[in-house]
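One structure is given below, represented as structure tokens, and several questions about it will come after.
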Amino acid sequence: MDENALINDAQHGDLEAFNRLVLAYQDLVYTQAYRIMGEQATAEDATQEAFINAYRNLSHYRGGSFRAWLMRIVTNACYDELRRQRRRPSVPLEPVDDYGEEIESPRWDIDPSDLPEDEAVRKELRSAIQTCLNRLPPEFRTVVVLVDVQGMDYTEAAQAAGAPLGTVKSRLARARLRLQECLRGFWELLPPSYRLQGEN
């Protein structure tokens with residue numbers, strides 16, 4: 001993919017070029033939104049809002065890391081939604097079946113090759129990580145996701161977060177300490193075989 005050419009074409013009104021950029025980045029943008037928001041529905045809304053905003057503001061993109069530019073847009077969309085939620089709290093919707101009963105393990109969350117006990121432990125671990133992420137202030141959560149989940153370097157993460165480099169490093173160090181402390185109690189509940197795997 002020639003990203004610069006696609007961006008240039010999209011800036012000149014080529015919707016197909018923009019759609020190719022969306023396809024290339026949709027998983028990355030959704031992951032960022034999900035890790036900040038902590039639930040599927042609001043992450044999907046934030047992802048959609050981010051791409052709409054990106055399309056509307058593409059003429060303002062002046063080069064540099066397009067990935068960081070997109071991450072900044074989705075992060076801002078998430079912050080906007082978090083502010084709205086504070087003004088009008090709501091109960092998150094869990095996936096339900098045809099009878100209105102909550103689905104404990106939706107199909108999209110299951111790897112068919114997993115043994116039931118392995119999947120149960122992995123599900124608990126994913127849930128514990130997301131719970132601990134949700135306990136972080138949004139600005140801490142953002143830098144952890146940008147660096148530790150998305151794999152950005154500090155400079156790109158600072159651009160995406162709209163914060164100075166030193167602030168990003170400081171937030172990341174403090175966020176990692178809080179996550180470690182939060183996850184420690186869960187780690188001790190894991191079967192010994194999983195604890196040993198994690199220590200290798």
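How many nm separate the modelled label positions at Asp80 and Asp148, each set 7 Å beyond the Cα in the direction of the Cβ?
Roughly 2.8 nm, to one decimal.
Quick one: grab the alpha carbon gyration tensor of the stretch 1-89, order the square roots of its eigenvalues as a ≥ b ≥ c, and give me rounded if a/c is under 1.5, else prolate or oblate depending on whether a/b is larger than b/c.
Cα axes put the stretch 1-89 in the prolate bin.
Whole Å is fine, so just give me how far the alpha carbon centre of the stretch 140-170 lies from that of the stretch 4-74.
That distance is 18 Å.
Could you give the size of the charge dipole of the stretch 1-89 about its Cα centre, using +1 on the Cβ of each K and R and -1 on the Cβ of each D and E, expressed in debye and rounded to the nearest 20?
Numbers: 11 positive and 12 negative charges, 125 e Å.
Dipole about the Cα centre, nearest 20: 600 debye.
Any read-out appearing in this document is the output of simple, stated calculations on the displayed coordinates, not a laboratory observation. Quick caveat: nothing in here was measured; it's all calculated off a predicted structure. With ideal geometry, Cβ positions are generated from the backbone for all residues, glycine too; neighbour counts draw on all protein chains shown.
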